[in-house]
Ligand code: S3P
């Protein structure tokens, strides 16, 4: 286990943004392994608090309710957390000010690469990815928001370890 005394708990959070399937959660865990900083995933926190899966939240309570929860997560992190790794849901740059949470790294992958990486379970657990044509349109509509909200743009077409090391160098 890493020595948490080595983690810079006074330092800024490292915030990962990017489209569904770009590897945010995987890279967040890798960053935890390399740096010892705690990693938090917004979807996991929201699903845990609601005691529902992300699919169930969308189906039972609607997307706008989910976006409100994302905005509240964002406000909480900005107000109370430092020195952590934050993996965000793919829509968070649309629902809140991600830069308020910390230093923002956009994990960029071409849509074709994302499609090739996701297995059917990963597609079906994501309410906005079930129809690939609609997912492609969503991807295109969000590219500018990802770029404009990033302090750093990272080419996510590399191994998790390479990507995490690049992020740590720039943090
Ligand atoms: C969403 C992305 C998902 C999840 C929800 C909505 C989006 O997270 O928050 O299904 O709007 O792009 P991942 O990016 O981790 O798949």
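Nothing in this text is a laboratory measurement; each read-out follows from the coordinates by a stated rule. Small disclaimer: the values here were computed from a predicted structure and weren't measured. Heads up, the Cβs are rebuilt from the backbone with ideal geometry, glycines too, and the neighbour counts pull from every protein chain shown.
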Practice problem: Find the relative contact order for the chain and round it to a whole percent, using C-alpha pairs within less than 8 Å whose residues are 6+ positions apart. | Solution: 34
Self-check item: 0 to 90° range, to nearest 10: angle between helix 160-170 axis and the chain longest Cα axis
Solution: 60
Quiz item: Gaussian network model of the chain, Cα springs within a sub-10 Å range: biggest mean-square fluctuation belongs to which of 121, 110, 70?
Solution: 121
Exercise. With just the Cα atoms of the stretch 2-106, tell me how far they stretch along each of the three principal axes, in Å, largest first.
Key: 43, 24, 22
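Length gain on complete extension for the stretch residue 170 to residue 145, per 0.36 nm per residue less the alpha carbon to alpha carbon distance?
Numbers: separation 25, 0.36 × 25 = 9.00 nm, distance 2.10 nm.
Value of the extension gain: 6.9 nm.
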Quiz prompt | CD proxy at 222 nm, helix term only [per DSSP H run n ≥ 4: -39500 (n - 2.57); per residue of the chain; nearest 500] | solution = -15500 deg cm²/dmol
Quiz item: Ranking 15, 45, 98, 104 by Cβ neighbours within 10 Å, fewest first, what do you get?
Solution: 45, 104, 98, 15
Exercise. Please give the helix 63-80 orientation as an angle from the longest Cα principal axis of the chain, in degrees from 0 to 90, rounded to the nearest 10.
Key: 10
Quiz item: Helix 132-148 sits at what angle to the longest principal axis of the chain, using alpha carbons and giving 0 to 90 degrees rounded to 10?
Solution: 40
Self-check item: Intensity falloff of the stretch 39-171 expressed as log10 I(q)/I(0), Debye formula with alpha-carbon point scatterers, at q = 0.12, 0.13, 0.14, 0.21 Å⁻¹
Solution: -0.50, -0.59, -0.69, -1.57
Practice problem: Multiply the residue separation of residue 76 and residue 124 by 0.36 nm, subtract the distance between their alpha-carbon atoms, and state the gained length in nm to one decimal. | Solution: 14.4 nm
